[in-house]
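No value in this document is a laboratory result; all are computed from the given coordinates. As the structure is a computational prediction, the values presented were derived from the model and not from experiment. A quick note on method: Cβ atoms are made from the backbone with ideal geometry, for glycine too, and the neighbour counts reach across all protein chains shown.
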Amino acid sequence: MLTHQTVVDLRDVEFRWEPGGPQVIAIDELTIGRGERLFIKGPSGSGKSTLLSLLGGVTTPQRGEVKVLDTPLQTLSGARRDHFRADHIGFVFQMFNLLPYLSTVQNVLLPCRFSRRRRARALARSGSLEIEALRLLTHLDMADEELLARPVTGLSVGQQQRVAVARALIGAPEMVIADEPTSALDWDRREAFLRLLERECAEQSITLVFVSHDPSLEPLFDRSVALAEINRAAA
Ligand code: ADP
Ligand code: MG
């Protein structure tokens, strides 16, 4: 087991999408502890998804350093960053990004195709990848045979969300990053979804970073940060 106490350590980061384009991120410091559940709020267009791209090593800053699990991401090649991300970070996207030509179980198992480490962890837990996928889906109330036989495009938004969560959690990555995954739900369902996500993360000591423009979700988290307060670029 890894013993890192700090999962994210971001210092003096400046980022723009294009040379000469507007600065989108200018953050002096952001640290996220192991097992923490952090809410990052900010209006649409304020740079939330951009910040998550930096935390996941999808992009690298022009200045400063983003360390995840003590690894400075900018020292890795693009291919190694992809690998690092697959090994250590689970993503839940706003539109879930489920692959329509794969079954629910195969969607959940996708990270195990890209990460040997997550495959090994899933196997160590349940002895078989399918059984581990079904274990997670059972926790999320999605293991019904009729549901599993449906194409993912035939699932409701709430059900697709659960599949996306199982996919983010499989193989116990150290961090789960969620980019406004509740915007399509009404309040009661948003809260239930969040409780579920938090419970699953807590059980495996997974750090949760959740961004949203919706401040009503804030009380459900350990800590909340307003992006505008830490981001000097958001003037
Ligand atoms: P939020 O997630 O808070 O809505 P974003 O991070 O998506 O904000 O966007 C912040 C700014 O960066 C916006 O001006 C947006 O147009 C720009 N932006 C976001 N993604 C890209 C990209 N892939 N290429 C170029 N500009 C981008
Ligand atoms: Mg966004």
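What shape does segment 7-100 have by the C-alpha gyration tensor, where a ≥ b ≥ c are the square roots of the eigenvalues, rounded means a/c under 1.5, and otherwise prolate means a/b greater than b/c and oblate the rest? The shape class here is rounded.
When restricted to Cα atoms, the chain yields an Rg and a Dmax of 17.4, 54 Å, respectively.
Along the axis of the charge dipole computed for the chain (Cβ charges of +1 for Lys and Arg, -1 for Asp and Glu, origin at the Cα centre), the listed residues Cys201, Ser46, Gly127 are led at the positive end by Gly127.
Put a plus charge on the Cβ of each Lys and Arg, a minus charge on the Cβ of each Asp and Glu, and nothing anywhere else: the dipole of segment 107-235 about its Cα centre is then about 740 debye.
Normalised Debye scattering of segment 56-98 at q = 0.16, 0.21 Å⁻¹ gives log10 I(q)/I(0) of -0.45, -0.70, counting only Cα atoms as equal scatterers and leaving out solvent.
Per-residue ellipticity at 222 nm computed for the chain from its helices equals -11500 deg cm²/dmol, with DSSP H segments shorter than 4 residues left out and the rest contributing -39,500 (n - 2.57). Taking amide hydrogens as placed 1.01 Å from N in the peptide plane, the amide H of Phe91 sits under 5 Å from those of Ile177, each at least 5 positions away in sequence or on another chain.
Highest GNM mean-square fluctuation among Gly47, Gly21, Gly171, for the chain modelled with Cα contacts below 10 Å: Gly21.
Charged side chains reduced to their Cβ positions (Lys and Arg at +1, Asp and Glu at -1) give the chain a dipole of some 680 debye around its Cα centre. Phi angles of segment 124-141 translate, via the Karplus equation with coefficients 6.51, -1.76, 1.60 and θ = phi - 60°, into HN-Hα couplings of 4, 6, 10, x, 8, 5, 4, 5, 5, 4, 5, 4, 5, 5, 5, 4, 9, 6 Hz per residue; Gly and Pro are given as x. In terms of overall dimensions, the C-alpha atoms belonging to segment 139-235 reach 50, 28, 22 Å along their principal axes, ordered largest to smallest. Less than 5 angstrom separates the built amide H of Val7 from those of Ile32, Gly33, Arg34, all sequence-distant by 5 or more or on a different chain. Using the alpha-carbon centroid of each, what span in Å lies between segment 15-34 and segment 49-90? So the separation of the two Cα centres works out to 13 Å. Each of Val157, Val24, Val108 was scored by other Cβ atoms within 10 Å of its Cβ. Arranged with the fewest first, they read Val157, Val24, Val108. Where a ≥ b ≥ c are the square roots of the eigenvalues of the C-alpha gyration tensor, would you call segment 78-131 rounded, which needs a/c under 1.5, or, failing that, prolate if a/b is larger than b/c, or oblate? The shape class here is oblate.
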